[in-house]
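Nothing in this text is a laboratory measurement; each read-out follows from the coordinates by a stated rule. If you're wondering where the values come from, they're calculated on a predicted model, not measured in any experiment. Counting neighbours? That spans all protein chains shown, and the Cβs are built from the backbone with ideal geometry, glycine included.
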Amino acid sequence: MRPSIIALLAALTASPSLAADGARTFATVCRGCHAEASTPMAPTLKGVFAAKVAGRADFKYSPALTAKAGVWTAERLDAFLKSPAAFAPGTRMMISVSNPADRAAVIAYLQTLN
């Protein structure tokens, strides 16, 4: 898989202002499903960056995501946010973030969630 320039920039330049932009995008696009704690609808995204894909014990992931190996890198998050169904056909995630700058900002924000 060819590295996404946006994902690499997000990983390298997770500046406070980029993360703040990502927090705003997250609040409008993601927070409706992804809460402070995992729910039956979606897992919390605290600690997701560099964590095992589908690795939270408090959420039942789709078989599509549980079949994925590895960890959430900036590149993998970028691919998933761009097109969840292309990244993991059969995933229950229906929302995508089409704008590359918004994806980079969300990824920078996710890196701040511990």
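Eigen-decomposition of the gyration tensor built on the alpha-carbon atoms of the chain gives equivalent ellipsoid semi-axes of 20, 16, 13 angstrom, largest listed first. All Cα-Cα distances of segment 67-114, cut into 10 Å bins from zero to the largest, leave 27, 55, 18 percent in each bin in turn. Of interest is the spacing of the C-alpha centroids, which for segment 63-114 and segment 20-44 amounts to 13 Å.
With each pseudo-label sitting 7 Å past Cα toward Cβ, what's the SER17-THR112 distance in nm, one decimal? Output for this residue pair reads 1.4 nm.
Counting only Cβ charges, +1 for Lys and Arg and -1 for Asp and Glu, the dipole size of segment 5-110 around its Cα centre is about 260 debye.
Length gained on full extension, ALA69 to ALA27, computed as 0.36 nm times the residue gap minus the Cα-Cα distance: 12.3 nm. Between ALA37 and MET94, the simple spin-label model (points 7 angstrom out along Cα→Cβ) gives 2.6 nm.
Dipole of the chain computed with +1 at Lys/Arg Cβ and -1 at Asp/Glu Cβ about the Cα centre; of ALA85, ALA74, ALA51, farthest Cα towards the positive end is ALA85. For a straight C-alpha distance cut-off of 16 angstrom, the aspartates and glutamates reachable from LYS46 (same-chain residues fewer than eight places away being disregarded) are GLU36, ASP58.
Short-range pairs are left out: with C-alpha atoms under 8 Å and at least six residues apart, the relative contact order of segment 5-110 is 41 percent. Amide hydrogen proximity for VAL97: with H placed 1.01 Å from N in the peptide plane, the residues at 5 or more positions away or on another chain lying under 5 Å are LYS82.
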